[in-house]
1. So for the stretch 39-47 (the condition being at pLDDT 85 or above, under 15 Å from A130 (Cα atoms) and part of a strand (DSSP E or B)), does at least one residue qualify?
2. Look at R225 and say whether it is in contact (Cβ under 8 Å) with a residue 60 or more places away in the chain, charged (D, E, K, R) and touching a strand residue (DSSP E or B) at 6+ places or on another chain (Cβ under 9 Å).
3. Report, by residue number, each residue of the stretch 145-191 that is modelled with pLDDT of 85 or more, out of contact with any helix residue (DSSP H, G or I) (no Cβ under 7 Å at 6 or more places or on another chain), assigned to a loop (DSSP other than H, G, I, E, B) and surrounded by 13 or more Cβ atoms within 10 Å (Cβ to Cβ).
4. So which pairs qualify, if the first residue must be in the stretch 107-130 and touching a residue at least 40 places away in the same chain (Cβ under 8 Å), the second must be basic (K, R) and surrounded by fewer than 19 Cβ atoms within 10 Å (Cβ to Cβ), the Cβ gap must be under 6 Å, and the two must be at least 6 apart or on different chains?
5. Looking only at the stretch 1-37, count every residue that is surrounded by 24 or more Cβ atoms within 10 Å (Cβ to Cβ), touching a Gly at 6+ places or on another chain (Cβ under 8 Å) and part of a loop (DSSP other than H, G, I, E, B) and tell me the total.
6. When residues of the stretch 195-241 are filtered for being over 16 Å from A172 (Cα atoms) and not in a helix (DSSP H, G or I), how many remain?
7. Out of the stretch 117-144, which residues are more than 17 Å from V19 (Cα to Cα), touching a strand residue (DSSP E or B) at 6+ places or on another chain (Cβ under 8 Å), modelled with pLDDT of 95 or more and among the hydrophobic types (A, V, I, L, M, F, W, C)?
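The values are calculated or read from the model by the stated rules, or taken from the named source; none is laboratory data. As the structure is a computational prediction, the values presented were derived from the model and not from experiment. Positions of Cβ are generated from backbone atoms using ideal geometry, with glycine treated the same way; all protein chains shown enter the neighbour counts.
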Amino acid sequence: MLLLITGHNRSGTTLLQTVCNTHPHIGLTNEFGALMALHAPAGLHRRAMVRRWWQAQNRPFFTGASLWVDWCYHPETGRKQTGTPGCLAAKLTRIYMLQNAVFLSRYLRGLRRSGRPLADPVAVEAAYHAAFPRARIVGDNLPDYMFRLETLVAEDRLPCLVMYRDPRDVTADVLQRLRPAPAKGQQDLRRWWPAEMSAAETVARRWVQAVETIERFAGQIHAIRYEELVTQPGPVLERLGAWLGVDPSGFDGRLIRRGGGMGNYRRILSPEEVETVCRVAGTAMERLGYGEKDG
């Protein structure tokens, strides 16, 4: 199965992808972007993936536990290879660009071996399985898929898993990450995110657009509320396992920090910024049950 995870930036998609990667039958990349170039000629898709790798520089395509990073099975024999360049880079040097390059080489080899002229879901799934030979479910997490969901949900072989979160916390996290001097230990994301995400009003408008997309395709996706994931992970992961057709006990819910990230906006946003978010997104917030006193 080929799976995508998406949601507005800072909605918890990386947390969800990390938890999914703890399952022994799931192997997902983080912001690899393979599904952005679906149905392109195979050669064009390969060039797009190489360009994506180069642009990522030392930003890893994996987070937390990963079938590929931790096990590094040989794509043909399935034997564990703890001494591969990718594993050594990940575990010893933290040169993630090398780790990504080893993964990319396996992905491109799998794409070529699929023999398909276009990078359709069948070819992309085959490419992923070349890198994740033990995984039944493979795919990618990328917030940018959110704004291509209308096209992606129409694919027959591409289940869509979507996260959403209180827009005040989303806005707070986005603005905090885009300030001129990111906090110690935080990645400077200004080079990756669109310039329009630099003010509370524009972030709130993008969030509304994302929510309207989720509502429009509610019957074709599996949506998870961030606040429910971090307060009641058990039931959420049970439903997710049933939807994916895997044993939910395979997910390691211990990675989820209970209540983590809820209400952060109170210490990050100014009262004026909170008012702006509620003014722009208030109607959509009410539909989703986000009251002014929530969080």
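1. The answer is no, given that none of the residues of the stretch 39-47 is at pLDDT 85 or above, under 15 Å from A130 (Cα atoms) and part of a strand (DSSP E or B).
2. Working: in contact (Cβ under 8 Å) with a residue 60 or more places away in the chain: yes; charged (D, E, K, R): yes; touching a strand residue (DSSP E or B) at 6+ places or on another chain (Cβ under 9 Å): yes.
For R225, the condition - in contact (Cβ under 8 Å) with a residue 60 or more places away in the chain, charged (D, E, K, R) and touching a strand residue (DSSP E or B) at 6+ places or on another chain (Cβ under 9 Å) - is met.
3. P159
4. Within 6 Å, the pairs are P121/R157; A123/R116; A130/R109.
5. Here the count works out to 3.
6. 7
7. Hits for the stretch 117-144 are L118, A119, V124.
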